[in-house]
């Protein structure tokens, strides 16, 4: 007896559309769930923390770039680790590298950088700021140091070059002079101090020193104006104490 003939549903058959719905529905649900769960993520920044600092050899330069759109990133800071092998004057410089475009009439304005030097335990040793941020630190005992290069939100993208160098220590002497007056910071600028001593004490523009209160340093200074018997210095960074009539400025003078 011949087998009964199978009848396939036609294209317009309700059964055929029913089976299609069963197969397609899970796929649509999966796509919808995937679309809802996908959220934009910030790119990973492997050298944004001291533990992941990039190793650097003292006496060399290394380029980098930052792009700090907001405080959350994606790339607002880079950390570098290095170790001077001998005592001396360490100089760390982070300089903005401005790309040149052929035929450009106006050069791009260099962006300011923030530079920070810390020891192996995370203690801040010195700070610098500007398109060519520079830190000088006297290395007395060799040990691991870290440098952080960063920019403020909205200042990217920025290309820069970090240079480390230990210079031969020069012989110096310290001159201590009274602080006559304090000029408070204005409009986000730096505070200044007026010092009793100028050309008569061999002080020169660019010399650096510190403010000393009760035998301890409360801040670093750099001379910006020199007069016959007085000078004006800018305070670099934040003061850790109040300036009083007993505060003195200790300026480092190089010896011939």
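The values are calculated or read from the model by the stated rules, or taken from the named source; none is laboratory data. Given the structure is predicted, the values throughout are model-derived calculations rather than measurements. Positions of Cβ are backbone-derived with ideal geometry, glycine not excepted, and every protein chain shown enters the neighbour counts.
For (1) assigned to a strand (DSSP E or B); (2) under 21 Å from residue 237 (Cα atoms); (3) in contact with a strand residue (DSSP E or B) (Cβ under 7 Å, 6 or more places away or on another chain); (4) at pLDDT 90 or above, each residue gets a yes or a no:
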| position | (1), (2), (3), (4) |
| --- | --- |
| 108 | no, no, no, no |
| 117 | yes, yes, yes, yes |
| 149 | yes, yes, yes, yes |
| 165 | yes, no, yes, yes |
| 210 | yes, yes, yes, yes |
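In a residue-by-residue description of segment 202-211, the property of being more than 24 Å from residue 52 (Cα to Cα), out of contact with any helix residue (DSSP H, G or I) (no Cβ under 7 Å at 6 or more places or on another chain), without any contact (Cβ under 8 Å) to a residue 40 or more places away in the chain and surrounded by 19 or more Cβ atoms within 10 Å (Cβ to Cβ) applies to at least one position.
Go through segment 71-85 and report how many residues are part of a loop (DSSP other than H, G, I, E, B) and surrounded by 17 or more Cβ atoms within 10 Å (Cβ to Cβ).
Residues that pass the stated criteria total 2.
Looking at 150, 190, just one residue is under 18 Å from residue 116 (Cα atoms), surrounded by 13 or more Cβ atoms within 10 Å (Cβ to Cβ) and in the same structural domain as residue 233 (by TED's automatic domain parsing), and that residue is 190.
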